[in-house]
1. Within the stretch 1-10, can one find any residue that is touching a helix residue (DSSP H, G or I) at 6+ places or on another chain (Cβ under 9 Å) and either exposed (fewer than 10 other Cβ atoms within 10 Å of the Cβ) or in contact (Cβ under 8 Å) with a residue 60 or more places away in the chain (or both)?
2. If D2 meets every condition in (1) modelled with pLDDT under 95; (2) in a helix (DSSP H, G or I); (3) of a type in the set (D, E, K, R) apart from one, which number is that one?
3. Would the stretch 18-33 turn up any residue that is surrounded by 10 or more Cβ atoms within 10 Å (Cβ to Cβ), outside any helix (DSSP H, G or I), at pLDDT below 95 and not acidic (D, E)?
Amino acid sequence: MDSLPPFLDSLGEYPRWFVVACLTLVAAVGLWMLAKALKWTLYLLVAVIVIAGGSAVVWYLMQNSA
C-alpha cells in the first residue's frame with residue numbers, strides 16, 4: 001500500500017473504497033451547495049437589476065413631466 005501524506009495518515013486505517021466513497025459524497029455535497037449559492041446570487045442580481053431599472057424609469061418619467 002502507498003504511504004499517505006502526513007495529514008491523511010488517519011485515513012490509512014479505513015478501506016480505500018470507503019475513503020473514496022466519502023470523498024465523492026463530500027465533493028457532491030460541496031458542488032450542490034456551490035450551485036445553490038450561485039442560484040441565489042443570480043436571483044439577487046436579477047432583483048437588483050429590476051429594481052434599478054424600475055427606479056431609472058420612474059426617475060426619467062418624473063424628469064420629463066416636470
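The values are calculated or read from the model by the stated rules, or taken from the named source; none is laboratory data. Note that this is a predicted model, so its numbers are computed, not measured. Don't worry about glycine lacking a Cβ; one is built from the backbone with ideal geometry, like all the others, and counts go over all protein chains shown.
1. First pass over the stretch 1-10, keeping only residues touching a helix residue (DSSP H, G or I) at 6+ places or on another chain (Cβ under 9 Å): 1, 3-4, 8.
Retained after the next criterion (residues that are either exposed (fewer than 10 other Cβ atoms within 10 Å of the Cβ) or in contact (Cβ under 8 Å) with a residue 60 or more places away in the chain (or both)): 1, 3.
Scanning the stretch 1-10 turns up at least one residue that is touching a helix residue (DSSP H, G or I) at 6+ places or on another chain (Cβ under 9 Å) and either exposed (fewer than 10 other Cβ atoms within 10 Å of the Cβ) or in contact (Cβ under 8 Å) with a residue 60 or more places away in the chain (or both).
2. Tallying (1) modelled with pLDDT under 95; (2) in a helix (DSSP H, G or I); (3) of a type in the set (D, E, K, R), D2 fails exactly one: (2).
3. Looking for residues that are surrounded by 10 or more Cβ atoms within 10 Å (Cβ to Cβ), outside any helix (DSSP H, G or I), at pLDDT below 95 and not acidic (D, E), one finds none in the stretch 18-33, hence no.
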